[in-house]
Every structure is written in structure tokens, then in C-alpha cells.
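J.: I am attaching a structure below and will ask some questions about it afterwards.
Each reported figure results from applying straightforward, stated rules to the coordinates on display, with no laboratory input. Worth saying up front: this structure is predicted, and the values here are computed from it rather than measured. Glycine gets a Cβ as well: all are built from the backbone with ideal geometry, and neighbour counts include every protein chain shown.
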Amino acid sequence: MITVSPAPHDHSNVSVSKLMFGVIIALIPTFIVSVIFFGVGVLIITLISMLSCVAFEYLIQRFILKKEPSISDGSAMVTGLLLALCLPANIPVWLVILGSLVAIGVAKMSFGGLGNNPFNPALVGRVFLFVSFPVQMSTYPEPLQNWFTYTDATTGATPLGLMKEGIKNGDSIPDLMNNIPSYIDLFIGKMGGSAGEIAAFALIIGLIYLLARKIITFHIPVSIILTVTIFTGILWWSDPTKYANPLFHLLTGGLLLGAIFMATDYVTSPMTIAGMWIYGIGIGIITILIRIFGAYPEGVQFAILIMNAFVPLINKYIKPARFGERPENE
Amino acid sequence: MLKTFNKGGIHPAENKITAGKPISTLPVPPIAIIPVLQHIGTPANPLVKKGDKVKTGQMIASGEGFIAANIHSSVTGTVTRVDKLTDASGYKRTAIEIETSSDEWMNDIDLNPGLVTDVSLSIPEIMVRTWDQGIVGMGGATFPTHVKMVFPRGIKAECLIINGAECEPYVTADHRLMLEKGEEIMIGISIVKSAIGIEKAIIGIENNKPDGIENLQRISSRFPGITVQGLKVKYPQGSEKHLIKSLTGRAVPSGGLPIDVGIVVFNIGTMFAVYEAVQKNKPLIERTVTVTGKSLKNPSNFRVRIGTPVSELIKAAGGLPDHASKIIAGGPMMGKALNTLDVPVTKGMSGLLVLDDIESKRKPVQNCIRCTRCVTVCPMGIEPYLIMSMVEKEKCEFLDDCHINDCMECGSCSYICPANRPLLDYIRLGKARLKKRKQQK
């Protein structure tokens, strides 16, 4: 029998599931470091989060939308993993399940499933938990002390939390830096924080992997990191006793996790390179505005969601340069 | 230094499995089916009827109008019918079917295999020859060659570009010509150069044909004004606009023609045809076709008579393999899938590709994940994902704003899409709907 179809008759070997599993592989170093620092809690919340995200996607597609479930594309697993990695490792199981339901059910499936959601599902899940359960979402387990404890872990503050609290009390930055882990500790992840946000080096390994496999381009992470560096650099240069230096801002909080894994979500980021720069610069500026001038110690989650909302507008006005748009004769 | 274009492009598996196979001449087919429309423009007018005896090289249909081409018999025999027959497009179109008896060429064709170096014809005579002998572009678009050699009043071309990119995977017809007919190609280029009064000619060749580049470079030293330039291997390097951009830095404006930036482009195979037409007085009745596919027993480059049924070519390449599923006229990126093997080889058919059932299956379509790959690879800088969703939602009024007609249908978007979305299918559909909409107004 002869097959007849229009050209092209060849296809690249890139597929949605390969891209999604590529993201999961890129998160493995971060996951391992997280388990080393926070122990069994990370294993529990990751397992629960990934399982419940996949289960909710399957159930909603099967019984509510009544269509063929597409869990094999791996996107629900990525959402589950990312959600777990942006939660504190001591968060109770029922909150993880609730967060997964909001991420998959509200942020993703109610808009039509993969590809149609305006906001990053994992971040919506996290922000929902963050505003609804502020206590559970802002007590972080101490690193290296809670290998076999879960919800009963000993807790402490994050460096950004210490910074915010100190500034409120009128302390100067050089004094505050004495109470904050050294830059080496910040780099390897020996600090309080969400499960996956602590280890800068592991996240950077993930970034290198994503870039090498051409899963993402450098534009979004680099634009965010550059913007944060320049913005905090100007503030720090203007008054080093009032503002922390750029390195501190880069290594703390969810900045790298957000810049590398959350902001680069295909569905919720712009379609053109120029659009990506605008988006990344916007995320960088909003993050620092919230961190330094806002009420919360950390702003990445809100910055990304706010810029997600601008993506349709960016896509409407920032178009790729067409071939031969202007005669460019020499 | 290799040159290329900067916007978009992909690198599909090259699969040039016939690159080392010299061109072999296929025997004259028992029947030849010669469509009267083998070019862009108006169909030629048949000059023969059923029962007429024709000789090889005899004109059997005459071009009507300016954008048209003459059609010649490629065999000697008797016309058995002049009827609507299926061609490679899948449509039934007027064609002349000839039953072959022998191979008796017209007397005025020079059959001496020797090289004719000196050009004895004047410029108007050259022009008349290319028209008389039915020369059209051999790269696939089959635009009549004489049309490109005449410019509107007041416009002057500065540079001649010869397209030897052959960026379609699998196809090696031009590659073999470069290696085996280098002198003839160079003489052909010199003829065209003098006919249209251009000093400078550049031959652009993708770097996956280093022996082709080397051979032509060696020969070009004897031909002043002709240079050979290597190009980076990137699809669609052989697109006219992208070839010009790569070699000269000039961008043909949207909706414009190469002459708008002072360039004329011909395919390298066309130059060989011009040589034969002008120097040997031979009409365009033969061409090189790459018959290929991973499962074929004997993939080859054949010199075949125009009108030879595709089934003869497959037979010569070892027959249709067991799991053959798709037979494509052309390459895998822009070629047309055939629905029957009875269609004939035409002037623009550079390759015949056989894919097995696994290679020819399309994968299930998933939701667009907005990964930006289609936008990134689009060599025209348009947004395939957006056009597809506009067409799906039947919002044809926005298609002009999406510059849908800039699309040259290279297929890079469909090739790259990780969700296996048929982007190009929808762009074609959108173009058709937009055209209909404009006609209704």
C-alpha cells in the first residue's frame, strides 16, 4: 500500500516527551543535593508531588474532559518535580497534594491542558500554598540536621528572610552578613530554603545540560541573571551598608531555580528572542523590587507569574524580523 | 570561508547515499508519457495526434505565450494517445503517450560526444535556442530559462548566481553533474553570462560536496569571471533568496524577485542543459535523476529520458523493496508523494525517493507547547505556530498580517516540531483559503 502525504517527509527526532524528560534529567543534580541537605523529607514530597500531579492529570483528562490521557508526554511529571523542589522539605503531605491539584487542575487543565496555560502550573501551585498557608510555607528545615525527620524537622530562616528581618530592625548589611552562611555555603546549598532552590552549583549544572541538549536557549536565564546583577549592583554601589551585593542576591532564594527552570517553561514564555529579553529583564526587575522594597523576602515566584501575564502582549507586539522586510542592499 | 544565511534553517540527516555513484544511462523506455505542462506557466499546445510517428528530439508541443516552454519527444515511435494522464502532481493533465520503436534522433542534433568549447552563436541566436529547445530551470521550480534571461527595460543584472547547493537530503543529481560534466557546466555558464551581459558569476555549493567544489574550482581557473564558493550545510541553503543572501548579503524584498537586487539565479543542472541546447542543438529530453532510499537494493544516479515512467527507474534501482510505503518525486523535504508508479519523469524531477513504512509514518499530533522552535528555524522569519492556530480557528482575515505568503514551503517548521504538528499543511491550507477569500471580494 502506498502512503501519500504532503511534504516534508522527514522529521527531526525531537519530541515533547524527550524535551520533558530532558528537564527532569537536568533537575537530578539539584534533587540529589537537596536529599543530601534535607534528607527523607525531600524524597517524600517529591514522590507525592509527582505522583499526584500525574494522577490528577490522568483523572481530569479521563473523567472530566473525556479524552485520551496524555500523561506520557512527561509534562505532568515535570510540574510535579518542580512543585516539590520549590516547597520546604518539611511540608505536610496533604498540602503537597493540594498544591498539585491547584497546579494541574486549576493552572493547567482548566485552560485546556499542556500548551494552553498562561501561568506556570508549578508556580501557581506554590503561590497558592504560599498565600493560603503562610506558616507552613515559611518555616524551612535546617540543612544537614534533618536526614531522618520530616514534618518534625528543626527549622530556621532563609538568608533572604534574615536579611529582610535585619533591615527592618535597622541593622547594616555588613553586620547582617556575619549571621549569613558564607558564599561557599550559599554556592553548595548549605542554607535554609525550599528543597530545590538551595544549591546554586547543581542548578548551574542543570542549566549547562539544558543548553547543551538545546532544550532551552540562554536568553531567558541570562537576561534574568544579568538584570538582577546590574540592578542590585547599582543599588549596592550607591550604598553598600543598605543594600546587599549582587552575588548574595544571585545565590539566595529561588532566583536560579526560577531563572533556569521556571521562567524558561516553553508554554508561558515568549516566542521570540527579543521577547525573551524583555520577559527576562522584567522578571529580574520585579524580583529585586519585591526583595528590596516589597513586603516579602523573596519575589521570584511573583515576578515570573506577573511576566507570564505579559507574554501574550509581548507575543503580539514583538515579532521576529522577517526575511527581506527592509531592502538591505549594500 | 564557508558562507551561509543567518536566519533560521535546519540540518536534517543528509543521507547522500548515492554521492559516489557515477551517472549511468537508463535504456530508452518502452513507452514515454510526456506531459505538456512540465514548467511554470501556460501548458504547451500539442502538435501531434494519435498515430503520428515522431523522432527523438522532435518538437511535439509548442509553448504558447511568454512564460511557457516547448516540449520535445524523448523517444522515437508512434503516438498512442493524447489524453489527460496522471502526472507527479497527482492531477490528470494533458500528456502525449508514445510507444517506442527505435531511437532515431533528429538530424540537426549533434550526437558527437566531444566537448564543444567555442561559442559560435550570436546573443539573439542563443536566446532563440534556449526557447526552441524547451530549457527550463532544472532545480525543481522549472521556471522557463529564456524568461529569466530577458529583463524589463532599464534594469540591469550585476551578478549571476549558479545554484549548486543541492540542500535536499538524499538527492545527488547535481553533485554528480559537477563531477562528471564540469566543463560543460562552465561553458553553459559562460554562454548565459555573455547572453545577458554579466561579467561576474558565483557558483554556490554546499560543503558536503567537497569534491564537487574542488572539481569546479579547478576548471573555473580557465573561465574568467566565474568563482566557486563553498556554503555551510544548512537547509534550505538552495532556496533562491537564501542563496543570494548567503553569497552577496543582499535580501530579496518580500514578494520581490532576485532581479530586484540585481541578481539572476540559475540551477547548475540548467547550465548543463543550456550547454547541450546551444552547443549541441539538443532539446531538453534527458535529465539526471537520483533514485534512492535506504531500503533500495541499488540506489543510483540515472540519466533518463523525460517521460520515462517512474516504475522503470525503480526497476533499474533493484525494484520496490518489501516494506516500501512512500515514493516521493524529489527529496524528503519538498518532494511530492506519488500515488502511482505510472507517472513520468518530468523536466523538474531531480530525485525519486523510496521510504519504508516506518520512515513514512507521521507521528501523532500533540498540543503546541510553544517551544519557539518553528519560529527559530523559519528562514523567512514568520511564525508558523501562529498561522496554524489562525487557520485552525478559521481566522483567515489575520493571515495577511501573519505574512503567510512569505512562506516558501520549505517544511523546516513541520520538520522540527516536537509535537509533530503539521504546520506546513495548515499554512498551505491558509494560503488557499486566503486566496479564495480575496477572490470573493
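J.: Quick one: putting +1 on the C-beta of Lys and Arg, -1 on the C-beta of Asp and Glu, what dipole do you get for region B:123-280 around its Cα centre, in Debye to the nearest 20?
T.: The calculated dipole for region B:123-280 is roughly 380 debye.
J.: Per 5 Å bin, what percent of the C-alpha pairs of region A:17-137 does each bin hold, from zero upward?
T.: 2, 13, 23, 24, 20, 12, 5, 1, 0
J.: Using DSSP to define loop residues, name the trypsin sites (Lys or Arg not before Pro) in region B:321-426 whose beta-carbon has at most 14 other beta-carbon atoms within 10 Å.
T.: B:Lys361, B:Arg362, B:Lys393, B:Lys395
J.: From the C-alpha coordinates alone, can you work out the Kirkwood hydrodynamic radius of region B:204-353, in Å?
T.: Result for region B:204-353, one decimal place: 17.6 Å.
J.: At 7 Å along Cα-to-Cβ for each site, give me the label-to-label distance between A:Glu165 and A:Ala212 in nm.
T.: 4.0 nm
J.: Return the loop-located GluC sites (Glu not before Pro) in region B:373-408 (DSSP other than H, G, I, E, B) with at most 15 other Cβ atoms within 10 Å of their own Cβ; answer none if there are none.
T.: Listed in order of number, the matching sites are B:Glu394.
J.: What residue among A:Leu95, A:Phe111, A:Phe38 has its Cα farthest toward the positive end of the dipole of region A:17-137, where the charges are +1 on Lys, Arg and -1 on Asp, Glu, each on the Cβ?
T.: A:Phe111
J.: Treating the beta-carbon of each Lys and Arg as +1 and of each Asp and Glu as -1, no other charges, what is the dipole magnitude of region A:17-137 about its Cα centre, to the nearest 20 debye?
T.: 140 debye
J.: Neighbour counts of other C-beta atoms within 10 Å: give me B:Ile328, B:Ile34, B:Ile198, A:Ile25 arranged from fewest to most.
T.: A:Ile25, B:Ile198, B:Ile328, B:Ile34
J.: Turning to a different aspect of this structure: Counting only helical runs of four or more DSSP H residues, what would the 222 nm mean residue ellipticity of chain A come to if each run contributes -39,500 (n - 2.57) and the total is spread over all its residues?
T.: After summing the helix terms and dividing by the residues of chain A, the value is -16500 deg cm²/dmol.
J.: Can you give the direction-averaged projected area of the convex hull of the alpha-carbon atoms in region A:116-204, in nm²?
T.: Reported value for the Cα convex hull: 8.0 nm².
J.: For chain B, how big is the tail of P(r) above 33 Å, as a whole percent of Cα pairs?
T.: When all Cα pairs of chain B are counted, 35 percent exceed 33 Å.
J.: Once each part is reduced to its C-alpha centroid, what is the distance from region B:271-324 to region A:83-124 in angstrom?
T.: Computed from Cα coordinates, the inter-centre distance equals 59 Å.
J.: Roughly how many whole Å is it from the C-alpha centroid of region B:67-126 to that of region A:1-47?
T.: 57 Å
J.: Ok, one more. Calculate, in whole percent, how much of the Cα-Cα pair population of region B:373-440 lies beyond 14 Å.
T.: 50 percent
J.: Could you tell me which of B:Met1, B:Leu320, A:Ile188 has its Cα farthest along the dipole of the protein assembly as shown towards the positive end, charges placed at Cβ (Lys, Arg +1; Asp, Glu -1), taken about the Cα centre?
T.: After comparing all options, I get B:Leu320.
J.: A further question on this structure: Two decimals is fine: what is log10 I(q)/I(0) at q = 0.07, 0.09, 0.10 Å⁻¹ for the protein assembly as shown, from a Debye sum with one equal scatterer on every Cα and no solvent?
T.: -0.62, -0.87, -0.99
J.: Counting only trypsin sites (Lys or Arg not before Pro) that are in a DSSP loop and have at most 12 other C-beta atoms within 10 Å, tell me the longest site-free stretch of chain A.
T.: Maximal segment without exposed cleavage sites: A:68-213.
J.: Greater than 29 Å separation of Cα atoms is the criterion. Which listed pairs, A:Lys242/A:Lys316; B:Lys232/B:Lys336; B:Lys16/B:Lys156, meet it?
T.: Listed pairs above 29 Å: A:Lys242/A:Lys316; B:Lys16/B:Lys156.
J.: Which three lengths, in whole Å and largest first, does region B:159-255 cover when its Cα atoms are put on their principal axes?
T.: Reported extents, whole Å, longest axis first: 34, 31, 17.
J.: Rg/Rh for region A:156-314: what does it come to with C-alpha atoms and Rh from Kirkwood?
T.: 0.97
J.: With +1 on each Lys and Arg Cβ and -1 on each Asp and Glu Cβ, and nothing else charged, work out how big the dipole of the protein assembly as shown is about its Cα centre, in Debye to the nearest 20.
T.: Result for the protein assembly as shown is approximately 1260 debye, rounded to the nearest 20.
J.: Show the residues, 5+ positions off or on another chain, whose built amide H is closer than 5 Å to the amide H of A:Thr155.
T.: A:Glu142
J.: Would you calculate the separation in nanometres between label points at B:Ile109 and A:Trp237, each defined as 7 Å from the Cα along the Cα-to-beta-carbon direction?
T.: Inter-label distance under the simple model: 7.8 nm.
J.: What are the equivalent ellipsoid semi-axes of chain A, built from the alpha-carbon gyration tensor (square roots of five times its eigenvalues), in whole angstrom, biggest first?
T.: 34, 27, 17
J.: Under a cut-off of 29 Å between alpha-carbon atoms, report the lysines in cross-link reach of A:Lys66, not counting same-chain residues fewer than 8 places apart.
T.: The qualifying lysines are A:Lys18, A:Lys108, B:Lys361, B:Lys363, B:Lys393, B:Lys395.
J.: Mind checking which helices in chain A clear 20 Å along their axis (Cα) and have mean Kyte-Doolittle hydropathy of 1.0 or more, DSSP H runs only?
T.: What comes out of the filter, once short or polar helices are dropped, is A:16-38, A:40-59, A:219-238, A:273-288, A:300-317.
J.: Same structure, new question: Out of B:Ile427, B:Leu386, B:Cys410, whose Cα points farthest toward the positive end of the dipole of region B:373-440 (charges: +1 Lys, Arg; -1 Asp, Glu; placed on Cβ)?
T.: Checked the options; the winner is B:Ile427.
J.: Provide the FRET efficiency to the nearest 0.05 for the A:Phe63-A:Thr151 pair, computing r from the beta carbons and using R0 = 25 Å.
T.: The formula returns an efficiency of 0.20 here.
J.: Quote the FRET efficiency, to the nearest 0.05, computed for B:Ser194 versus B:Thr340 with a Förster distance R0 of 45 Å and r equal to the Cβ-Cβ distance.
T.: Once the sixth-power term is evaluated, E becomes 0.55.
J.: Applying 1/(1 + (r/R0)^6) with R0 = 30 Å to the Cβ-Cβ distance of B:Gln439 and B:Phe66, what FRET efficiency is obtained, to the nearest 0.05?
T.: My answer for the efficiency is 0.80.
J.: Let me ask something else. By counting other Cβ atoms within 10 Å of each Cβ, how are B:Ser120, B:Ser101 ranked from fewest to most?
T.: The most exposed by this proxy come first: B:Ser120, B:Ser101.
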